[in-house]
Amino acid sequence: MSGLLTFFLVIIFTFSALYSQPNYFTSLRTDKSRYNPGDVVNFEISLNNPPPGSHLKINYEHLFKTVSSDSIFNLQQTNWSWLPPQNDFTGYLVEVFIVEGSAILDQINTAVDVSSDYSKFPRYGFLSKYPLMTEQQMNDVISNLNDHHINAIQFYDWHYKHHVPLSGTPQNPSPSWSDIANRTNYFSTINRYIELAHDRNMKAMSYNLLYGALENAGQDGVANEWYLYKDNNHTQKDFLDHSFWGHYIYLLDPGNSNWQNYIYGQMQNAFTALPFDGWHVDQVGDRGTLYDYSGTSVNLRNCFTDFLTNAKNFLHVNMVMNAVNQYGQQNIAQSPVDFLYTEVWSPNTIFNSLAAIIVNNSNLSGGTKNSVLAAYVNHDLSGNPGYFNTPAVLYADAVIYAYGGSHIELGEHMLGHEYFPNENLSMTDELKTSLKNYYNFLTAYENLLRDKGILTTADLLTSGSTAISKWPPVLGTITSFKKQIDSLDVFHLINFKGATTLDWRDNSKTQHEPDLLENIPLSFTTSRSIDRIWFASPDYNLSSPVEIQFQNINNDISFTLPYLKYWDMVVVEYKTSTDIEQSYNEIPTELILNQNYPNPFNPSTTIEYTIPTSPSVPPLTKGRDMGGVVTLKVYDILGKEIATLVDEYKLPGKYEVKFDASHSEPSRGIPSGVYFYRLQAGNYSNTKKLIIMK
């Protein structure tokens with residue numbers, strides 16, 4: 001019994017929908033946002049009055065494959081460690097269950113990213129305020145970003161002047177200074193924020209324009225010959241009007257070598273005084289026709305590649321540059337930036353625009369650079385206090401993530417405006433909870449969402465009441481597309497039934513949450529041999545994956561998708577050529593036990609199994625047409641036998657048996673929970689999991 005019990009405990013898994021008991025988990029945290037191969041992951045958990053005698057069960061999974069598992073029986077122990085496999089650029093889902101007897105009482109999940117370089121899967125956040133702060137205040141901000149696995153931070157408007165970012169000298173920086181918005185920024189706050197970010201393995205990126213200077217910059221050594229002009233007689237400098245703060249930002253020619261050397265030197269002073277990792281370079285998009293001092297027309301976008309390449313060679317730091325509405329992105333993509341960053345504005349206002357930008361960025365970089373979008377949901381509402389519209393944010397994130405991008409939106413607050421310190425809009429508690437799941441999902445499944453693959457049209461069909469449309473989205477439908485990755489097809493389904501607009505900005509705050517869809521019949525055609533089908537969603541089961549039973553009739557594959565709120569990812573795993581060759585060339589050595597369906601179920605389910613015809617397979621020792629004694633039993637999580645479904649001599653062939661949990665002992669039926677069914681014949685046995693949900 002001990003061996004069977006060990007097996008059961010190792011593969012504990014269930015649906016969060018089973019948990020009707022109080023929440024026993026308060027939080028689950030990792031010590032870093034990203035881990036290098038060989039790093040140990042340290043976890044910290046907070047529990048809320050767990051029942052005496054209960055314990056923790058932990059599963060570490062990569063794409064629905066259990067890598068390892070662990071148990072903690074002393075619930076006074078709030079910390080533990082895990083050494084992931086050495087594989088680089090790999091995401092893991094970590095599932096933690098609290099177990100009492102045979103019952104799973106509660107579940108909490110997190111994710112782990114093992115990547116030697118943050119830019120492979122960038123998850124970008126921001127900071128925008130640098131007053132005097134306590135250690136606890138700063139740690140709370142960084143800890144929250146770490147909980148969302150943010151692995152790089154843009155330090156927005158930390159600087160003194162655009163053309164002189166550091167106040168004071170590298171050896172003796174000023175303790176504080178007034179920024180362009182007349183706020184007082186403190187050196188000690190900025191420096192400590194960087195240290196705390198580094199403790200979590202986050203990159204710290206220094207924000208600044210590539211071509212900005214404030215009034216009276218001539219006193220700091222900026223020459224008139226370096227500026228951009230609106231006329232060819234250098235009488236009117238191009239500028240941004242910030243007179244509401246008492247300032248103007250004048251623009252310089254980024255192709256001018258003297259300006260390049262000047263601003264590179266100023267940025268070097270900042271990097272000497274503060275341990276930033278790199279430069280987040282900003283611009284303000286298409287400025288129309290401009291001229292240099294000599295009257296020659298300047299094409300700004302053509303200056304970006306040289307500016308960024310020269311900056312990299314001068315500073316030797318990480319580089320990222322904003323392509324405002326894709327302005328100059330083709331040139332930026334050919335420069336040494338870590339990833340491609342796009343601030344999205346009109347006319348790119350519909351969901352298809354978000355997807356198109358991510359696809360375009362991938363094409364421009366030859367598939368070598370991932371994308372981060374600055375897309376300000378509810379932007380026009382950010383002038384006054386209020387709340388973000390939760391459906392609008394989740395729809396935007398679902399589209400961005402499904403297409404392989406990331407969304408810069410989290411800092412000290414949520415981002416709703418291009419001036420990052422604007423915090424008029426707040427997150428609802430529902431949105432805060434949902435975003436934790438979305439960022440766990442983005443990190444755990446990064447190898448399917450953001451790694452190699454070919455995006456293509458999905459060929460899903462449905463006989464259900466909600467139509468399936470191909471991308472781009474159509475209101476009132478489930479919109480789908482597919483990513484092909486080696487031996488996988490990854491279907492993405494985004495639910496626009498119940499949505500009111502395809503404008504991701506939702507500036508009128510009218511976006512409605514989608515209708516909850518359950519048990520959706522789906523089908524597609526393939527000639528490839530399928531190993532298994534599973535789905536995962538940030539909206540369901542805390543992002544844990546769920547296997548789906550399927551049928552194959554003449555290459556027509558049909559299955560039922562249990563749940564769809566905003567976004568589901570359905571993964572079809574195909575057998576490789578090696579698997580297929582072995583299946584044709586080797587005599588079967590095992591009986592076949594299929595996954596029960598439906599699963600979860602209430603009150604009955606069907607279990608199918610196959611007895612082989614080979615005389616060499618025990619217990620079939622009496623010849624090709626003879627069988628043997630077969631038992632099929634159901635056990636609870638502790639290995640106690642619950643029901644015997646089969647215990648008799650069986651001839652070779654395919655069989656199915658019904659299991660009705662409402663009629664089994666005890667007389668009132670079997671309660672909700674996780675159970676296991678075991679097929680035994682001679683020396684062969686196989687065990688699978690089933691879930692009763694009442």
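Of all residues in the range 188-207, those that are closer than 18 Å to S167 by Cβ have Cβ atoms under 9 Å from Cβ atoms of residues that are among the charged types (D, E, K, R) and modelled with pLDDT of 95 or more, 6 or more apart or on another chain, in T189/K129; R192/E135; I194/D277; S206/D277; Y207/D157; Y207/D282.
In the set (1) part of a helix (DSSP H, G or I); (2) among the aromatic types (F, W, Y); (3) surrounded by 13 or more Cβ atoms within 10 Å (Cβ to Cβ), F244 fails one condition alone, (3). Pairing residues of the range 544-568 that are outside the structural domain of I400 (by TED's automatic domain parsing) and on the phi > 0 side of the Ramachandran plot with residues that are outside any loop (DSSP other than H, G, I, E, B) and of a type in the set (A, V, I, L, M, F, W, C), at Cβ distances under 9 Å and at least 6 apart in sequence or on separate chains, gives no pairs at all.
Within the range 429-456, residues that are part of a helix (DSSP H, G or I) reach partners that are acidic (D, E) with beta carbons closer than 7 Å, at six or more positions or on different chains, in the pairs K436/D147; Y438/D397; T443/D113; E446/D113. In summary, strands (runs of 3 or more DSSP E) completely within the range 298-381 and bearing 2 or more residues that are more than 19 Å from I400 (Cβ to Cβ) occur at 318-324.
Can you tell me which residues in the range 1-46 are part of a loop (DSSP other than H, G, I, E, B), modelled with pLDDT of 65 or more and of a type in the set (F, W, Y)? Residue satisfying the conditions is Y24 alone. Selection of the range 496-516 for residues being touching a Lys or Arg at 6+ places or on another chain (Cβ under 7 Å) and either assigned to a strand (DSSP E or B) or among the acidic types (D, E) (or both) yields only D515. For the range 262-293, the tally of residues that are in a helix (DSSP H, G or I), among the small types (G, A, S) and under 35 Å from the mean Cα position of the chain (by Cα) stands at 2. Taking the conditions exactly as written (on the phi < 0 side of the Ramachandran plot and either polar (S, T, N, Q) or within 30 Å of the chain's Cα centre (by Cα) (or both)), does E195 satisfy them or not? Yes; evaluated as a whole, the condition is true for this residue. Scanning the range 457-475 for residues that are over 25 Å from the mean Cα position of the chain (by Cα), surrounded by 14 or more Cβ atoms within 10 Å (Cβ to Cβ) and part of a loop (DSSP other than H, G, I, E, B) gives G464, T466.
Only residues that are of a type in the set (F, W, Y) and part of a strand (DSSP E or B): list them for the range 73-108, please. I'd like the intermediate steps shown before the answer.
First, pick out the residues of the range 73-108 that are of a type in the set (F, W, Y): 73, 80, 82, 89, 92, 97.
Residues satisfying the conditions are W80, W82, Y92, F97.
Within the bounds of the range 113-123, is there any residue that is more than 19 Å from the chain's Cα centre (by Cα), at pLDDT 95 or above and buried (at least 19 other Cβ atoms within 10 Å of the Cβ)? Checked against the condition, which is being more than 19 Å from the chain's Cα centre (by Cα), at pLDDT 95 or above and buried (at least 19 other Cβ atoms within 10 Å of the Cβ), the range 113-123 yields no hits at all.
Here are I587, I611: which of them is modelled with pLDDT under 50 and among the hydrophobic types (A, V, I, L, M, F, W, C)?
I587
The values are calculated or read from the model by the stated rules, or taken from the named source; none is laboratory data. Since the structure is predicted, the reported quantities are computational estimates derived from the model, not experimental observations. We place every Cβ from the backbone using ideal geometry, glycine too, and count neighbours over all the protein chains shown.
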